[in-house]
Amino acid sequence: MSDQAEQLRERMQRTNQTRQTKLVTVTSGKGGVGKSNFSLNFGLGLIEKGHKTILFDVDLGLANLDVLMGISPKKHLFHLLEPDTSVWDILEQGPGDLEFIAGGSGFTQIMQLEDSKLDRLFNQLQPLHGYADTIIFDTGAGLSKESIRFMLSSDEVILVTTPEPPAITDAYAVIKMLHSRNPDIKIRLVINRVTSEREGKMTSDKLAMVAKRFLNMDIHSLGYVSDDPYVSKAVKQQRPFLLTYPESQASRSIRRLVGQYLQSSTEAEAHPSGLKGFIAKLKHFIR
């Protein structure tokens, strides 16, 4: 048996049909707030806690998760339209047992595919259900059509912002748009690059207060990530800071966030819709 066939067999054996795969979209109101870096390290933090996680780069304009990991993907999502190519062929191995899928430059064309090709592509993604506990979609910043579709189709949205007023204003614009499309959408806030716990709490409280006052919507804070020089050092090394500088303030922040996330997820009322539900919603929005 070839190495590739053996890897495929092992992956299929690890698929657990009783596992409730959760689909999470990470987004931001504007670029430059550290969204992709958060997605990467948050995914690694989940893996540290024993949660199988796949990271999916769907940032159409500035896909850079591969750069943050120092990896050059051999295949991307669009390759699923090629004969004899399965999802296991495009699933790349990243650091720390993190697996990821690159959206690739051809991703923008997917939203314009004819129905038969779109169905083939989505059907090829189905085996991931039960394989991972969590699939994280790292979208582009802002309110592009593609990003909105992923947010509305996911089980929940993690919105990353910073304490700067422009970033807060843009984050609220995302909240307002999503609420107008789905008043029941679940959004969790992450405040990145804070200088203190007080600054993080004040920023999240401000956004939550405005959302409650003007939208009658409850926004829950997942926590904050400390502003940390080791983050930029890790970026220059093209390595996740959680692995490269595990004792840094930012790494400790990520681990606190992961703990809070897993605790609140356990207490959640609704079950995730899974990959099948996600695909059905996404198809609806595309068509």
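The values are calculated or read from the model by the stated rules, or taken from the named source; none is laboratory data. Here the structure is a predicted model, which is why all the values come from computation and not from measurement. Note that each Cβ is placed from the backbone with ideal geometry, even for glycine, and that neighbours are counted across all protein chains shown. Areas reflect the complete protein model, heavy atoms only, side chains present, ligands, DNA and RNA absent. Shrake-Rupley method; radii C 1.70, N 1.55, O 1.52, S 1.80 Å.
Tell me whether the range 2-20 contains one or more residues that are surrounded by 19 or more Cβ atoms within 10 Å (Cβ to Cβ) and either at pLDDT below 90 or under 26 Å from ALA171 (Cβ atoms) (or both). No: zero hits. Taking the stated definitions as given, is ASP84 part of a loop (DSSP other than H, G, I, E, B), farther than 29 Å from SER265 by Cβ and among the acidic types (Asp, Glu)? So ASP84 passes the test.
Within the range 72-103, the set of residues being open to solvent by 20 Å² or more (accessible area, probe 1.4 Å) and under 19 Å from SER116 (Cα atoms) comprises PHE78, HIS79, LEU81, GLU82, PRO83, ASP84, SER86.
I'd like to know if the range 109-122 contains one or more residues that are among the basic types (Lys, Arg) and either in contact with a Lys or Arg (Cβ under 7 Å, 6 or more places away or on another chain) or closer than 25 Å to GLU82 by Cβ (or both). There is at least one residue in the range 109-122 that is among the basic types (Lys, Arg) and either in contact with a Lys or Arg (Cβ under 7 Å, 6 or more places away or on another chain) or closer than 25 Å to GLU82 by Cβ (or both). Only residues that are among the small types (Gly, Ala, Ser) and surrounded by fewer than 19 Cβ atoms within 10 Å (Cβ to Cβ) were counted in the range 111-151, giving 4.
Per this entry, GLY29 is counted among residues that are under 17 Å from the mean Cα position of the chain (by Cα), open to solvent by 10 Å² or more (accessible area, probe 1.4 Å) and at pLDDT 90 or above. In the range 143-187, the residue that is nearest to the chain's Cα centre (by Cα) out of those that are more than 13 Å from PHE285 (Cβ to Cβ) and polar (S, T, N, Q) is THR161. Of all residues assigned to the range 170-187, none qualifies as being of a type outside the set (A, V, I, L, M, F, W, C), surrounded by fewer than 18 Cβ atoms within 10 Å (Cβ to Cβ) and either in contact (Cβ under 8 Å) with a residue 60 or more places away in the chain or in a strand (DSSP E or B) (or both).
Taking the criterion of being open to solvent by 10 Å² or more (accessible area, probe 1.4 Å) and closer than 25 Å to ALA173 by Cα, no residue of the range 39-55 qualifies.
Consider the range 219-241 and keep the residues that are at pLDDT 95 or above, open to solvent by 70 Å² or more (accessible area, probe 1.4 Å) and not in a helix (DSSP H, G or I). The one that is nearest to VAL160 (Cα to Cα) is ASP227. If the condition is being among the β-branched types (Val, Ile, Thr), within 22 Å of the chain's Cα centre (by Cα) and under 27 Å from ALA173 (Cα atoms), then the range 204-248 contributes ILE219, VAL225. Can GLU199 be described as open to solvent by 20 Å² or more (accessible area, probe 1.4 Å), under 26 Å from PHE241 (Cβ atoms) and free of Cβ contacts under 8 Å to residues at least 24 places away in the same chain? No, not satisfied.
Could you tell me whether any residue of the range 253-267 is under 22 Å from TYR172 (Cβ atoms), open to solvent by less than 30 Å² (accessible area, probe 1.4 Å) and not in a helix (DSSP H, G or I)? No, the range 253-267 has no match at all.
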